[in-house]
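Q: If you scroll down you'll find the structure; I have some questions about it.
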Amino acid sequence: MPFVGVFPRAGQLGAVLLSLFLPWVQPGAQGSQNAPDGASRDAVQRPKIGLVLAGGGAKGAAHVGVLKVLEEMRIPVDYVAGTSMGSIIGGLYASGMRPEEIEREIKQIDWKDVFVDEPYREDRSFRRKTDDFLYVLPGKPGFNEGEVNLPLAYVHGQKFGLQLNRLTQGVGQIKDFDQLPIPYRAVATDLETGQEVVLKSGNLARSLRASMAVPGAFDPVVIDDRLLVDGGLANNIPVSVARAMGADVVIVSDLGSDLMKRDEIKSALSVAGQMVNFLFALNSQAQIASLGPRDVHIVSKLGDIGAGSFDRIAEAMPIGEQAARQAADSLRRYALSQEDFSRHLAARGQPAAETPTVAFLRIDNQSKISDEVIASHLHVKAGEPLDVVQLEKDIQQIYGLEIFESVRYELVKDDGKTGVVIEAKERPWGPGYLQAGLITSSNFEGDSVFRFGMAYTKTAINPLNGEMRFAAQIGDEPAIAAEIFQPLDPAARWYVRGTLGYQSQNINLFDDAGNRYAEANAGGFFVDLGGGRQFGTWGDARLGYRRGSGEIEIGTGPDIPDEDYDIGEVYLKLTSDKLDSVYFPTKGHFVRLQWRLSREDFGANADFDQISLNYHHAYSWGRNTLIGGLDVESTLDDDAPIQSLYRLGGFLRLSGYDQDRLTGQQAGIAKAIYMRRLNDFPFFTGYLGASLELGNVWQYKDDISLDDTIFAGSLFIGADTFMGPLYLGYGHNDKGDGSLYMFLGPLFSF
């Protein structure tokens, strides 16, 4: 019987024996003088080493500690393969960054902010800023062709993607990952098939982003027409990938199991989480089982530092360093001499440090709006050095139009020239959106306000990003309206708008002595036509004409007949809005100056002029915020009709009174509001606050006097919730009125 296949060929046998023997040869046992043509021992004798970095979210920061020890011990790394957070740390290392640089960069990242897609308010378009004063619920599900559409994940990765772009900018033009300073692979999972996808070419930042796209938390990433999510589902410790790259030996940085103990499984959510943990643990066990005696398995025991503990990243790094030092005996056999290691590092090369000069700009526009709308927000110019800071700000302002799922950039080479490609991908759940709002307050003494509204907004109805909105409100002041907003240029500097609708408002009537003698409701139809000029994202000047008619009905009080009214007025409104939040501002200001000219010649039943000024400014230090406000409203000739009277009263508007308790021809209030942030929870941030308010309403200008002002104040707790701002408070004034308030809605009503 022939022995074919029983014994390896001679060459194979020699290779096997050599591979078993070489790891035990101590560095320096044989000099490099034996290498042919002056080559070092590093090039001809040592095994090729693959570094494998496991996924594990925030726990992956421990990999940085492992890298620091590997370089300290002069362990060469020839290949890197990583999954999820391991792919990010590994990708940065493969791009040429040293462990100290990676440590510095990931410590500087505001992880709480980078995982929140909502653009900073300063980057939102002025049109979108005005939404904050209308409907308070931040969620905007899509509504198209009669179906409600939802995003694929909570986080779309906009800020995270920009962060990865910046970190990998030096190798952004390298599309073959074998050409990186260290050959590299990132592992992702095909969401359609569940199969492992090994990313070895393309845009490095996008590949890192795909490898860490935790399903449901992060949007999937489309690469080569495949929908990719976190690689941990398919291969969380990609030993097999490193071996396929050519590694003779693998060094595994393992982050341990996230499997929960029985006493930790307390809810349906924890059960679902444990099922996901099973997927990660099972495929990890198979990879670990493939390790041989030559390989090194480093396990970082991170205790209660979990995958989501990004606020504890600094704690994870030294744990990884400690774990690597415990494996020093196994690692030392692969250490190089200082000379050979220096030569090894030099051979890697470093990413380009110089700022590239932009030769061209391209826009990959995957939406219904024109390229010119996107280009109008960009300051990139051919022939000038790339300003990454300005480019990121420009991209965030494009994202702030709130019609794109993602806006990203990529550096590309074309005929030896460097260019910038901007990719703007439209939200797949748009362009029609539903938004709901609820405003309610009560003094728990029978007086309450309840208003629930729904709005449907259709964006991108034409290439200049015009939009339509239909809204309705039920409650104590019902309303319905249809609006069209149409920019006249790509940057939306100039625009026209029109609104048609019905609205009502409750008005208290007072006699000359200041006694309330009746409660009325003014309701009617109106049309509002105008146009204006927007100044970037912060300002607006609008000129308009408002025409309407309705009826004033007396609800309670003396037997006063109802009466009809007509509105015909021209108005000018100037607004500057630089608040970082309408609900719980910490910095910035809001200023609005408005002038109204009502004339019978315009269709009104009375001639009068009104002017108003609203000013609020927020200043913060640490967790503390102080907000100062001044609202002054005046009817110049004291002759405005009932439907045009000013209103005061309610929470932070002369607290102690019920909502809109006071009405008059003249109104003024000055206020100081103090708030202290109690926690940093992303979906339920709590505040403790107090206010001091001084103001009143007057029927005639001649009656205005500081001696006649009302002093009021409040104590409140507030919370910035996923449903909108919530306030619970108590207000009191020097007239002896006190009220308890529950308020779900904007802090300020301008």
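Q: Is there a residue being among the acidic types (Asp, Glu) and either touching a helix residue (DSSP H, G or I) at 6+ places or on another chain (Cβ under 8 Å) or surrounded by 24 or more Cβ atoms within 10 Å (Cβ to Cβ) (or both) anywhere in the range 203-226?
A: Checking the range 203-226: at least one residue is among the acidic types (Asp, Glu) and either touching a helix residue (DSSP H, G or I) at 6+ places or on another chain (Cβ under 8 Å) or surrounded by 24 or more Cβ atoms within 10 Å (Cβ to Cβ) (or both).
Q: Hey, any hits in the range 319-328 for a residue that's at pLDDT 90 or above, in contact with a Phe, Trp or Tyr (Cβ under 8 Å, 6 or more places away or on another chain) and either of a type outside the set (Phe, Trp, Tyr) or within 26 Å of Ala188 (Cβ to Cβ) (or both)?
A: no
Q: Considering every residue within the range 356-370, establish whether at least one is in contact with a Pro (Cβ under 9 Å, 6 or more places away or on another chain), surrounded by fewer than 18 Cβ atoms within 10 Å (Cβ to Cβ) and either among the basic types (Lys, Arg) or not in a strand (DSSP E or B) (or both).
A: yes
Q: Shifting gears a bit: Quick one: count up the residues across the range 325-355 that are of a type outside the set (D, E, K, R) and part of a helix (DSSP H, G or I).
A: Qualifying residue count, the range 325-355: 11.
Q: Got at least one residue in the range 491-508 being assigned to a strand (DSSP E or B), modelled with pLDDT under 95, among the charged types (D, E, K, R) and touching a strand residue (DSSP E or B) at 6+ places or on another chain (Cβ under 9 Å)?
A: no
Q: Among the listed residues Gln643, Gln659, which satisfies the condition of being crowded, with 16+ Cβ neighbours inside 10 Å, in a loop (DSSP other than H, G, I, E, B) and not aliphatic (A, V, I, L, M)?
A: None of the other options fit; the residue is Gln659.
Q: Applying the selection to the range 378-423, what residues are of a type outside the set (Asp, Glu), surrounded by 18 or more Cβ atoms within 10 Å (Cβ to Cβ) and assigned to a strand (DSSP E or B)?
A: Phe404, Ser406, Val407, Arg408, Tyr409, Leu411, Gly419, Val420, Ile422, listed by residue number.
For (1) open to solvent by 40 Å² or more (accessible area, probe 1.4 Å); (2) closer than 27 Å to Gly622 by Cα; (3) assigned to a strand (DSSP E or B); (4) in contact (Cβ under 8 Å) with a residue 24 or more places away in the chain, each residue gets a yes or a no:
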site: Thr663; (1), (2), (3), (4): no, no, yes, yes
site: Ala672; (1), (2), (3), (4): yes, yes, yes, yes
site: Arg676; (1), (2), (3), (4): yes, yes, yes, yes
site: Tyr687; (1), (2), (3), (4): no, yes, yes, yes
site: Ile717; (1), (2), (3), (4): yes, yes, yes, yes
site: Leu726; (1), (2), (3), (4): yes, yes, yes, no
site: His732; (1), (2), (3), (4): yes, no, yes, yes
site: Ser739; (1), (2), (3), (4): no, no, yes, yes
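Q: If a residue must be open to solvent by less than 70 Å² (accessible area, probe 1.4 Å), modelled with pLDDT of 70 or more and part of a helix (DSSP H, G or I), how many such residues does the range 259-308 contain?
A: 7
Q: Taking the range 579-634 as the search range and keeping residues that are of a type in the set (D, E, K, R) and over 19 Å from Tyr674 (Cα atoms), which one is surrounded by the fewest Cβ atoms within 10 Å (Cβ to Cβ)?
A: If we take residues in the range 579-634 being of a type in the set (D, E, K, R) and over 19 Å from Tyr674 (Cα atoms), then Asp601 is surrounded by the fewest Cβ atoms within 10 Å (Cβ to Cβ).
The values are calculated or read from the model by the stated rules, or taken from the named source; none is laboratory data. Keep in mind that this is a model prediction, so the values were computed, not measured. So basically every Cβ, Gly included, is an ideal-geometry build from the backbone, and we count neighbours across all protein chains shown. Accessible surface areas use protein heavy atoms only, side chains included; no ligands, DNA or RNA. Shrake-Rupley method; radii C 1.70, N 1.55, O 1.52, S 1.80 Å.
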